[in-house]
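Reading through the structure tokens given below for one structure.
The values are calculated or read from the model by the stated rules, or taken from the named source; none is laboratory data. Predicted model only: the values in this text are computed from it and were never measured. Virtual Cβ from ideal backbone geometry, glycine too; neighbours counted across all protein chains shown.
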Amino acid sequence: MTEGEAHDPVIRSRERIRMLACTGRRCGYSCFLTALAAFVINYYSGSSSFWISFTVALLIIGSLILAPSIIFGYAVNAAEREEQGLPHGH
């Protein structure tokens, strides 16, 4: 990033959105991994309503976090490609 780009509010905003999207993807995939672990624990320890509720809650939370994160990540990448004059890819 050059000196002029460091003060550009659009680029700063884009980088902030990229960081948030990356953090959201990590958090969403972590929820899915934890839901998988909770499912395996529930499977081998017998059916417990706590583990079932915990697994479903993690899947819902992970989906609510992951979907917008993926969309915003693609949007940031598309904006950079557009700015560089590269083809759109679709």
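Of note:
- Filtered residues of the range 67-90 (kept if touching a residue at least 60 places away in the same chain (Cβ under 8 Å) and not acidic (Asp, Glu)): Val76, Ala79
- Members of the range 56-66 found to be closer than 17 Å to Arg18 by Cβ and either loosely packed, with under 14 Cβ neighbours inside 10 Å or touching a residue at least 60 places away in the same chain (Cβ under 8 Å) (or both), listed by number: none
- Residues of the range 28-61 that are within 11 Å of the chain's Cα centre (by Cα) and more than 17 Å from Tyr74 (Cα to Cα): Ser30, Cys31.
- Residue within the range 74-81 that is part of a loop (DSSP other than H, G, I, E, B), at pLDDT below 95 and either under 26 Å from Met19 (Cβ atoms) or in contact with a Ser or Thr (Cβ under 6 Å, 6 or more places away or on another chain) (or both) present: no
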